[in-house]
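Heads up: the structure comes next, in structure tokens.
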Amino acid sequence: MSHLTKNTGAGASSATATTKDEPINFHHPFTPYDVQIDFMRAVYDTLETGNGQVGILESPTGTGKSLSLICGALTWLRSHKRRLYEADFQSVAEKMVGEPDWMVENALLRKREDLQRKWEAREKRLGEVRNREKQEEEDARLKGRGAKRARLDGGADERTTARRTKGDEEEEKEFLIGDWSREGGDVDDDEDDPLYGISKETRALLERTGLGFGSRAGKLEEEEGKEEDQIKIYYTSRTHSQLTQFISELRRPEFPPSVPSGAAKTKGQKGDGPTSEVVKQVPLSSRQKLCINPTVNRLGSLQAINDRCTEMQQSKSAKKCSFMPSAENIKTTHQFRDTVMATLPDIEDMFRIGKEVKVCPYYASRTAIPGAEVVTLPYPLLLQKSARDALGIKLEGNIVIIDEAHNIMDAVANVHAAEIKLSELRRARKMLGVYVKRFGKKLKGENRVLVAQVGRVIESLSEWLDARLKAKGDQGIADTNDLLKARGADQINLYELTRYIQESKLAYKVESYASHIEEEQIPATSKQQLQMTTSSVSSPVLHTLVSFLNTLTNLSTEGRVFYEKIKPQPGTSQASAASPDIKLSYLLLSPTHAFSSIASSARAVILAGGTMSPFEDYKAHLFPTFPPAKITTISCGHVIPSSNLCVWTLGSTRPSPPGTTTTAPDAFEFSFQKRSDMNMVRQLGLAILNICTVVPDGVVVFFPSYGYLDEVVSIWQSPDPLSQNAAGPAAPQKSIWDRLGVKKALFRESKGGSSDDILAEYSNAVLTPDTTQNNGGSMTTSAGALLLSVVGGKMSEGINFSDRLGRCVVIVGLPYPNINSPEWKARIEYIESTALSRSIQNVPPSEGGENTVSIRPTPQQKEQAKQAARDFYENACMRAVNQSIGRAIRHRGDYAAIVLVDRRFGTERIKTKLPGWIRGGIVEGSEKKGLGGLMGALSSFFRGKAS
């Protein structure tokens, strides 16, 4: 396994790197630093190696990671395309071996001219679109509407229409489920079909209009301007805002054409032809983000929008969607495609373009996929195979780049997670009862049987949860075999039942009917029977039930089902508090199987992030079968000079004598067993008080949990006996909290509070000199601010504490998860058993042919399995720590101090799990030098910056 660790400071270099065979110009729009060159080279080499190669790449936030990803990947892609064309030309020549030279040259000339003609036609068409878009934006700017046209959302008048009472016939047409059979259904069962999950009518429509895929495509696929499918990069990140930022970066660099230089040269043109070609990028998203039909997108929930959309496409639907691509609007659909290909749009642009040309962006975006070089999409659309199939995404032979990948394992677990509450099941049963009362006699054949089965499943789950709610114990693991024992529900085929609910649109029909009768203002007695509010429509319980039932069909070893009693939240009504609730939740214990379809399909996979350390979990749980040579890792240094970083481990208040190996009596150790020591908590407060004395501007302190933060603040706010003794018995008692408030304005993150409000107030206090605040009844003046936050909380990810906002980041303790929780007990048990199984399977069978499964594990193998579980547990803690540390130092000119308060940060095992740039900045032996050593180091560090 190749591993490159760089902590090379801030030296700058040209945008050219040399690999084994050739120099590479990465076309970086600026002069890149050495660490950026290393990063781009690692990206390029990983993609070039291909054949399933994996790159796990770490580059600190503020080092231009996104731009480096773009330059490394797009440089390789354009180079790869040119080489493919040249190989194609070469194959023509090889087939004509023995023919006269003039015939070979003429054939090659025709081949190049054909490629040139197609390339010129496409670029000319897209150039005209770009010019038109620029002119329209300029016209909009001159009219005072801003450079970027406002997003159109249909307006309130479009989304609200006059209500009228529906007659029986109209109700049946809208809410009664259609005929259904196990053999038929409404959707073809071929999961390999990229149109799997789309109604038959829509499939036929897409194929007729040339929007199908593969051999199913209709004759209109050969329309003018149709793009050929080609190798592409699928880029995914956690949020739409991160994708929008990536697209913005994608507009910066310019890359050479994707065809050989001679082929891109027009007739009569002097020189080598065009020097650049705009990147073709298409963003994908859900209907919830892209639907432009006001009667559909007002439904709010994703599942309701999906069901309503597919229902409107069916042949018997009275209300067709006028925005669907069709034979009548094929030119408009191609206009949408060309605009997307020409303008590097984000999701808001896609919505706007669709509204302007009056074609559905969700479906029409697929026409841009074949010719796209980069496809951007959020995690759920890439990580779920069903979502990839529905969008026609084929990973085979293509590139997958996962950004912000430090949380990829959690992301995989989250997209496969599901939960349902007892209160939701009760509401679902009442809604289903009202629906059956109205339409039960109209249901035919299998509809009647399967709707009854849905009711039995709901009742069985409800009975199990109701019994557990009355029993002792707040949480635990549920036996999935027991969940469906009541009402004979364990005899029901769940796979078939969930398929029925989805294909028949039962959930949408039931909940739409419930919403309809509410709007018709039914008698109060019936409303009381339903016990529903409008919130039930926005939180569709039957869709929630389907998601949960789907998890029960997964392999039993992959996940566990847990139950947990729900405590009333502060501020809830007395009625809610009097009605206790309980929930079932499914947790995917391992991402290996779920991620394997990506790892085994793509040409190359890159996991990139600012804080990827420690790397071992990704190898063990995402690529467990990959040999070391198939995985490349790199941990880049920061672009800041070493003098801009001071990392200190504060292990105790007093320095340890030289040569001492025992733990000091005043050591800081915030383990679960020791962290409530009031004296240690007070010493922590005094240490932070000293830090606030020498550190200017903003100080951010991260605690292991919200509960512990509350405990610490409570102790700090109580009178400090040490302060009273020092000042004399007659002096007023002053708490540590009061003394901190004299130094800096105090802010504290709360679990249910608004992080935006706290951040705005904190930023204002830091950037406004000599802040005056009310501190315990007296007005005090402070310089800067102190923010108390939580590792894994709202402030620990995605927040930018650059420059004065984060001159010092303090990490208190190691935030290990609660190992006694049912979830973590199950995880640890699963990892141990999996590691042990792999260890046994790696032992060759005996000469007598004995099966390896029967081999008993050795004590050494058992210990290795336990160590694998311990490493996973510790790595989860360190990933959270590293993410919090990464909030500071966001650009080359930034500087900050990082203080790690816990003696365990000084151990070699923990140090190796910190990012390389942090390890390189740790002051050697600082864990032994106490608070006095820290104050000296901080004073010298910030004095040097001030001068």
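Exactly one condition in (1) at pLDDT 95 or above; (2) part of a helix (DSSP H, G or I) is false for Leu722; which is it?
Every listed condition holds for Leu722 apart from (1).
Consider Asp757 carefully, then state whether it is among the charged types (D, E, K, R), modelled with pLDDT of 70 or more, part of a helix (DSSP H, G or I) and within 18 Å of Ile799 (Cβ to Cβ).
yes
Any residue at all in region 804-826 that's farther than 17 Å from Ala869 by Cα, in contact (Cβ under 8 Å) with a residue 60 or more places away in the chain and surrounded by fewer than 18 Cβ atoms within 10 Å (Cβ to Cβ)?
Checking region 804-826: at least one residue is farther than 17 Å from Ala869 by Cα, in contact (Cβ under 8 Å) with a residue 60 or more places away in the chain and surrounded by fewer than 18 Cβ atoms within 10 Å (Cβ to Cβ).
Of everything in region 700-714, what is out of contact with any helix residue (DSSP H, G or I) (no Cβ under 6 Å at 6 or more places or on another chain) and buried (at least 21 other Cβ atoms within 10 Å of the Cβ)? Give them in sequence order.
Residues satisfying the conditions are Val701, Pro704, Leu709.
Could you please let me know if Gly932 is modelled with pLDDT of 90 or more and open to solvent by less than 20 Å² (accessible area, probe 1.4 Å)?
So Gly932 fails the test.
Restrict the check to region 131-148 and report whether at least one residue is part of a helix (DSSP H, G or I) and modelled with pLDDT of 90 or more.
Among the residues of region 131-148, at least one is part of a helix (DSSP H, G or I) and modelled with pLDDT of 90 or more, which makes the answer yes.
Mind listing whichever residues of region 643-665 are within 29 Å of Arg887 (Cβ to Cβ) and either free of Cβ contacts under 8 Å to residues at least 40 places away in the same chain or exposed (fewer than 15 other Cβ atoms within 10 Å of the Cβ) (or both)?
The one that is within 29 Å of Arg887 (Cβ to Cβ) and either free of Cβ contacts under 8 Å to residues at least 40 places away in the same chain or exposed (fewer than 15 other Cβ atoms within 10 Å of the Cβ) (or both): Ser643.
Just checking, which of Ala467, Ala486 is surrounded by fewer than 20 Cβ atoms within 10 Å (Cβ to Cβ), aliphatic (A, V, I, L, M) and more than 22 Å from Lys567 (Cα to Cα)?
Just a single option satisfies the conditions, and that option is Ala486.
Residue under question is Ser286, and the condition is that it be open to solvent by 10 Å² or more (accessible area, probe 1.4 Å), under 25 Å from the mean Cα position of the chain (by Cα) and at pLDDT 95 or above; does it hold?
No: the conditions fail for Ser286.
Which residue out of Ser676, Ser635 is open to solvent by 10 Å² or more (accessible area, probe 1.4 Å) and touching a residue at least 24 places away in the same chain (Cβ under 8 Å)?
Residue meeting the stated conditions: Ser676.
Within region 400-426, track down each residue that is open to solvent by 50 Å² or more (accessible area, probe 1.4 Å) and in a helix (DSSP H, G or I).
Within region 400-426, Asp410, Asn414, Arg426 meet the criteria.
Would you point out which residue out of Lys472, Lys509 is open to solvent by 60 Å² or more (accessible area, probe 1.4 Å) and either out of contact with any Cys (no Cβ under 9 Å at 6 or more places or on another chain) or at pLDDT below 75 (or both)?
Unique residue meeting the criteria: Lys472.
Would region 911-924 turn up any residue that is polar (S, T, N, Q) and open to solvent by less than 50 Å² (accessible area, probe 1.4 Å)?
No.
Looking at this structure, is Cys309 open to solvent by 20 Å² or more (accessible area, probe 1.4 Å) and either closer than 24 Å to Phe255 by Cα or assigned to a helix (DSSP H, G or I) (or both)?
Yes; evaluated as a whole, the condition is true for this residue.
Quickly run through region 515-557 and pick out the residues that are under 30 Å from Val412 (Cα atoms), at pLDDT 70 or above and small (Gly, Ala, Ser).
Residues satisfying the conditions are Ser547, Ser556.
Which of (1) closer than 30 Å to Thr592 by Cβ; (2) within 22 Å of the chain's Cα centre (by Cα) is the odd one out, the single condition Gly397 does not satisfy?
Tallying (1) closer than 30 Å to Thr592 by Cβ; (2) within 22 Å of the chain's Cα centre (by Cα), Gly397 fails exactly one: (2).
Take Leu382 and tell me if it is open to solvent by less than 10 Å² (accessible area, probe 1.4 Å) and modelled with pLDDT under 90.
no
Say whether the condition of being open to solvent by less than 60 Å² (accessible area, probe 1.4 Å) and among the acidic types (Asp, Glu) is met by at least one residue in region 437-446.
Yes.
So that you can scan it fast, the table gives a plain yes or no per residue for (1) surrounded by fewer than 11 Cβ atoms within 10 Å (Cβ to Cβ); (2) among the hydrophobic types (A, V, I, L, M, F, W, C); (3) at pLDDT 85 or above; (4) over 18 Å from Ile828 (Cα atoms):
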position: Pro844; (1), (2), (3), (4): yes, no, no, yes
position: Gly849; (1), (2), (3), (4): yes, no, no, yes
position: Gln864; (1), (2), (3), (4): no, no, yes, no
position: Asp871; (1), (2), (3), (4): no, no, yes, no
position: Ala876; (1), (2), (3), (4): no, yes, yes, no
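If you scan region 639-696, which residues turn out to be part of a loop (DSSP other than H, G, I, E, B) and within 30 Å of Thr61 (Cα to Cα)?
Selection gives Val639, Ile640, Pro641, Gly651, Phe668, Glu669, Phe670, Ser671, Val695, Pro696.
Just give me the residues in region 353-365 being open to solvent by 10 Å² or more (accessible area, probe 1.4 Å) and not in a loop (DSSP other than H, G, I, E, B), in sequence order.
Result: Lys355, Glu356, Val357, Tyr362.
Looking at Thr31, Thr46 in this structure, which one is in a helix (DSSP H, G or I) and either open to solvent by 50 Å² or more (accessible area, probe 1.4 Å) or in contact (Cβ under 8 Å) with a residue 24 or more places away in the chain (or both)?
Step by step, each of Thr31, Thr46 is checked, and only Thr46 is in a helix (DSSP H, G or I) and either open to solvent by 50 Å² or more (accessible area, probe 1.4 Å) or in contact (Cβ under 8 Å) with a residue 24 or more places away in the chain (or both).
The values are calculated or read from the model by the stated rules, or taken from the named source; none is laboratory data. From a predicted model like this one, the values you see are computed outputs, not experimental measurements. So basically every Cβ, Gly included, is an ideal-geometry build from the backbone, and we count neighbours across all protein chains shown. These accessible areas exclude ligands, DNA and RNA; they are computed on the full protein's heavy atoms, side chains included. Shrake-Rupley method; radii C 1.70, N 1.55, O 1.52, S 1.80 Å.
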